[in-house]
Amino acid sequence: MNLRRLKYFVKIVDIGSLTQAADILHIAQPALSQQLATLENEVKQQLVIRTQRGVTPTEAGKILYAHAQAILRQCDHAQSAIDGAGKALSGHVSVGLAPGTAAQQLALPLMQAVQRQHPGIVLYFNENFGTTLSELIMTGRMDMAVLYDNREIHGLRFISLMKENLYFVCPHSLGSAKQTISLTEVAGYTLFLPRIYNLMRKVIDDAFVQQGVPYRVSCEIESQTTLNAALAEGLGCTIMPESAASAMLDPAKSWMAKITSPEMRTSLSFCMSDHLPLSQPAEAVKEILLQLMVPRSQDNTPLMLAG
C-alpha cells in the first residue's frame, strides 16, 4: 500500500462520494476509481459498497480506515519533526477533556501556557466521554486526554493526576441541604446517571451492589446542559465528582453533600497511547499539561491545578 492511495481512500470514506472526493482531490473520477480498485486488490478485500447515494465502507473498509488514519497521522508527525528540526515547534495537537470533570479546568491554563511558550502550536480540544476519547487515542486520531480512568487497557497508558470524592447533588425543591449523606439515603431519590459504560457509573453501581441497597435510575444523561435543566426543574438528583458538582450548583438550583457510608472516589488520569509516539509539539503540550497539576498534600492525594 502506498500513502497516496491511503489518503485517497480516507477522503472517499470521509466524503461518502467518489465524485465529490475526486473534485476535492483534483483528480478525475475514473482515475480515483482505479486507485481504489488497486488498493482493494492489494488488500484482497472489498473496501466500499457503491450505491446510488454514494459509497459506504465495508467491515474490512472500516478497519483499514482506522489504521490508515493512524498511519497518515504518524507520517504527518514525522514530516513535521523533520521540517521543524532546529526551528520553533509548530503543528496541531489534540487534547481530549472529559466533561463534568476537573479536566475542564485545564483548558484555559493549558491554552495560555502553550500560546506563551509555543505560539506555533495549534490546540484542538475535544470534550467527550472517556470511552470515546480512549478509542480515538487507540486509533491514533487523538494525541492525549484527561479522563476518569486508570485501568490497565491494552493500547493505552495512564498517569494518575488526582482523585475526587463523589457527591450527591440534589435540587432545593427536593430536599433540605446537608453536608454529608449516606448511600442508603441517596437510594431514596430518583437518580440521573451516565450510561453503564461510563467509569463513574461503574463506581456508583458497584457501591450500591456492595451495600445491598436497591436504587432507581430514571434517566441516563450524558449532557451537562440537559442534566442541569432536569435538576433545575426538580425532576431528580445525580451523583458527580466534587469539581463537577460544585460547578453545577447554580445552574441546577441544587445543593451538594459528600457521600459517606461508603465514601466513593474516582481517579482522574492523563491518557496517551502506549505504542504510538507523540509528535514533538504533542510532547511539549504533554509536559505543560502535567506541570499544571501539583500535589495538594504530601501523599499526592488529591491533586489540584497549579495556580
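Every number in this text was worked out from the coordinates using simple rules, so none of it is lab data. Quick caveat: nothing in here was measured; it's all calculated off a predicted structure. Cβ atoms come from the backbone with ideal geometry, glycine included; neighbour counts cover every protein chain shown.
Can you tell me how the stretch 165-307 classifies by the Cα gyration tensor, rounded, prolate or oblate, using a/c under 1.5 as the rounded cut? The shape class here is prolate.
Between Gly96 and Asn126, Met144, Ala145, Val146, the built amide H atoms are under 5 Å apart, and every one of these is 5 or more places off in sequence or on another chain. In degrees between 0 and 90, to the nearest 10, how far off the longest principal axis of the chain does helix 3-15 point, with axes built from Cα atoms? Its long axis makes an angle of about 60 degrees.
Each of Asp83, Asp143, Asp274 was scored by other Cβ atoms within 10 Å of its Cβ. Arranged with the fewest first, they read Asp83, Asp274, Asp143. Look at the alpha carbon pairs under 8 Å that are at least 6 residues apart: their mean separation over the length of the stretch 3-81 gives a relative contact order of 32 percent. Compute the projected area of the convex hull of the Cα atoms of the chain, averaged over all viewing directions, and report it in nm² to one decimal place. For the chain, averaging the hull's shadow over all directions gives 20.1 nm².
The C-alpha atoms of the chain define a longest principal axis, and helix 59-83 lies at about 80 degrees to it. Exposed loop sites were defined as GluC sites (Glu not before Pro) in DSSP loop states (anything but H, G, I, E or B) carrying at most 13 other C-beta atoms within 10 Å; in the chain the longest segment without such a site runs 1-151.
Pairs spanning more than 19 Å between alpha-carbon atoms, out of Lys62/Lys202; Lys202/Lys286; Lys178/Lys202; Lys202/Lys253; Lys163/Lys202; Lys11/Lys62: Lys62/Lys202; Lys202/Lys286; Lys178/Lys202; Lys202/Lys253.
Counting only alpha carbon atoms, the long axis of helix 280-291 and the longest principal axis of the chain meet at about 10°. Counting Lys and Arg as +1 and Asp and Glu as -1, what is the net charge of the other residues whose Cβ lies under 12 Å from the Cβ of Leu147? Summing Lys/Arg as +1 and Asp/Glu as -1 gives -2. Legend: ranking of residues Val114, Val95 from fewest to most surrounding C-beta atoms inside 10 Å; resulting order Val114, Val95. Neighbours of Arg265, meaning other residues whose beta-carbon lies under 9 angstrom from its beta-carbon, give a summed charge of -1 when Lys and Arg score +1 and Asp and Glu score -1.
For the chain, averaging the sequence separation of C-alpha pairs within contact (under 8 Å, six or more residues apart) and dividing by the residue count gives a relative contact order of 21 percent.
Our helix-only sum for the chain, with -39,500 (n - 2.57) per DSSP H run of n ≥ 4 divided by its residues, gives a mean residue ellipticity at 222 nm of -12500 deg cm²/dmol.
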